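Q: Quick one: this structure, given as structure tokens, is what I'll be asking you about.
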Amino acid sequence: GIGLVLLLGFGLPPLLRLRNVPPMRVLNRSFAAVPPSSLLVYAAALAATLALTVYATGNLVLAGWVLGGLAALAVVAMLLGLGLLALLRPIQHRLRGAWKLGLASLTRRRGLSVVQLVGLSLSLCALLLLAVVGPDLLGQWRDRLPADTPNYFLMNIQPEQTEPVLQTLRGLGVENAAVEPFSTGRLVAINDKPPVRGDRDPADDGDGDNRPVNFSWRHAFPPANTLLQGKFWTADSTAAEASVEEGWAQRYQLKLGDRITLLLGEQQRSFTVTSIRKADWDSFRVNFFLLLNEGAVGDAPYNLISAFHLPPGSAPKLASLSRDYPNISVLDIDAILGRVREVIDQVAQAVQLVMGFSLLAGVLVLLAALQATAGERRYDSAVLRTLGARRGQLRGAVLVEFGALGLLAAGLAVTAAAVIGAVVGQQAFDIALAPDWPRLLLGGAFGLALSLLAGWSGTRRILSTPPALALRTE
């Protein structure tokens, strides 16, 4: 969808305008300015592309940072290109031979040079983001999980099954096996008023503010949590206190001292919010939005849940637990994560292939710019050879021109990929990403080589044209 919008939005208007271009204007190389209506079409195509990108990612923050980073790269590449070309103008007069000719070609065609720089740096940056930064993010997310991260969950354990289940887990080599109470109620009031969710969808049904609430109770502060506000109750306390997770507190605009009323079975009970905490959901430990003081829960109905790390090789033995206790549900996190990794790897390979085509598109921008200036380059080459320039000097000038262009584009792409990756890792995944500079620089070197190859192949026929023939045709 995105490719089709880009193709039609940016490729169709010039083709449609060809119907109204007189042949003599083409022969005289006298082209009219782009009409305002075409600019509106380009703007609409760009807006549609942005909307489709947000829709495709399903994450506004992630799409915003990536698209914003690429847009910033385009602006920086344009400004930096204009600035460097302005600096090169006085420097080139001090140089000789191929260096002078190559840099002079860049500064003389300033507009096309900037377009080439932006196109190549954007496509190379997109490829680096997916081929290097993306896998690094996934790898660092995996590496930051501790070795004892739970890889299995047991759910729907009945209270009378607690001790035999724990004995079975210990026999399988599970250290510190434990269970947590798990109950479901309904939030019926906040400060004696019906609860209203701050993030409620206007299209939600009428029961949107009265959905079931999963909760637990403890006498000690839970692991994988951070206390943000208030104070957690003591082990001997029997006060009706509640601790809420920060996201859940924001959803219902809860603050310390608020009183929440829950429907537990057939009874309504009220609890005072005495602490707000942050739960580490990435830890794969049992976490709850709502925790109640164990001493004030009473006889609320419940079952139990357990999260544990099963040593390698013990998974087949866990099947006996399901046979002995058919009501218990076993959730294999390793299998789920393995399947997720496979899907991510497959998607990454497909996207990298697409981004390879985007890099090819950047090279095509270089070739298109060469084609647009082929006549001018052929004439310049003929004049220089007539004045005594050697073919080797002209080839060296081409390498200098496209080497400088590729080096600048590669530097911008590598820097932008590292910055965008760090920002996306911090803002979207809460990961302090350390750039893989060797692989990024290798990708930049690949972009530089492509720029040189494109320049060489695009000008080879121009340089081989005899001067007399070039002057007659021009």
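The values are calculated or read from the model by the stated rules, or taken from the named source; none is laboratory data. Everything numeric here is computed off the predicted structure, so don't read it as measured data. Because the Cβ atoms are built from the backbone with ideal geometry, glycine has one as well, and the counts that use them run over all protein chains shown.
Q: How many residues are of a type in the set (S, T, N, Q), within 14 Å of Val398 (Cβ to Cβ) and over 35 Å from the mean Cα position of the chain (by Cα) if we restrict to segment 77-128?
A: To start, the set of residues in segment 77-128 that are of a type in the set (S, T, N, Q) comprises 92, 105, 107, 113, 116, 121, 123.
Keeping just the survivors that are within 14 Å of Val398 (Cβ to Cβ) gives 105, 113, 116.
Within this subset, residues satisfying the condition of being over 35 Å from the mean Cα position of the chain (by Cα) are 105.
Adding up the residues that qualify gives 1.
Q: Please tell me if Leu290 is in the same structural domain as Phe182 (by TED's automatic domain parsing) and touching a residue at least 60 places away in the same chain (Cβ under 8 Å).
A: Values: in the same structural domain as Phe182 (by TED's automatic domain parsing): yes; touching a residue at least 60 places away in the same chain (Cβ under 8 Å): yes.
For Leu290, the condition - in the same structural domain as Phe182 (by TED's automatic domain parsing) and touching a residue at least 60 places away in the same chain (Cβ under 8 Å) - is met.
Q: Hey, does segment 355-366 have a residue that's under 30 Å from Asp148 (Cβ atoms) and at pLDDT below 70? Steps first, please.
A: Residues of segment 355-366 that are under 30 Å from Asp148 (Cβ atoms), as a first pass: none.
No: segment 355-366 contains no residue that is under 30 Å from Asp148 (Cβ atoms) and at pLDDT below 70.
Q: Output the residues belonging to segment 281-322 that are assigned to a loop (DSSP other than H, G, I, E, B) and among the basic types (Lys, Arg). Can you show your working first?
A: Quick first cut of segment 281-322, residues assigned to a loop (DSSP other than H, G, I, E, B) only: 284-289, 298-302, 309-314.
Arg285 - this is the single residue of segment 281-322 that is assigned to a loop (DSSP other than H, G, I, E, B) and among the basic types (Lys, Arg).
Q: Shifting gears a bit: Please specify each residue of segment 252-273 satisfying the condition of being surrounded by 17 or more Cβ atoms within 10 Å (Cβ to Cβ) and without any contact (Cβ under 8 Å) to a residue 60 or more places away in the chain.
A: Within segment 252-273, Arg269, Phe271, Val273 qualify.
Q: Only one of (1) part of a helix (DSSP H, G or I); (2) surrounded by fewer than 21 Cβ atoms within 10 Å (Cβ to Cβ) is not met by Ala416, so which one is it?
A: Of the numbered conditions (1) part of a helix (DSSP H, G or I); (2) surrounded by fewer than 21 Cβ atoms within 10 Å (Cβ to Cβ), the odd one out for Ala416 is (2).
Q: Before we move on, is Leu84 in the same structural domain as Pro438 (by TED's automatic domain parsing) and outside any helix (DSSP H, G or I)? First the steps, then the outcome.
A: On the way: in the same structural domain as Pro438 (by TED's automatic domain parsing): yes; outside any helix (DSSP H, G or I): no.
The answer is no for Leu84.
Q: Just name the residue that is farthest from Leu310 (Cα to Cα) out of those in segment 169-197 that are modelled with pLDDT under 90 and in contact with a helix residue (DSSP H, G or I) (Cβ under 6 Å, 6 or more places away or on another chain).
A: Arg197
Q: Under 6 Å between Cβ atoms, which residue pairs at least 6 apart in sequence (or on different chains) link something in segment 180-193 that is touching a residue at least 12 places away in the same chain (Cβ under 8 Å) and in the same structural domain as Leu291 (by TED's automatic domain parsing) with a partner that is in a strand (DSSP E or B) and of a type in the set (Val, Ile, Thr)?
A: Going by the 6 Å Cβ cut-off, the qualifying pairs are Glu180/Ile305; Phe182/Ile305; Gly185/Val213; Leu187/Val213; Val188/Thr261; Ala189/Thr261; Ile190/Ile260.
A quick yes/no check of all residues on (1) hydroxyl-bearing (Ser, Thr, Tyr); (2) at pLDDT below 85:
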| residue | (1), (2) |
| --- | --- |
| Ala372 | no, yes |
| Ser381 | yes, yes |
| Leu407 | no, no |
| Ala413 | no, no |
| Arg439 | no, no |
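Q: What are the residues in segment 397-422 that are more than 18 Å from Leu463 (Cβ to Cβ) and among the β-branched types (Val, Ile, Thr), if any?
A: Result: Val414, Thr415, Val419, Ile420.
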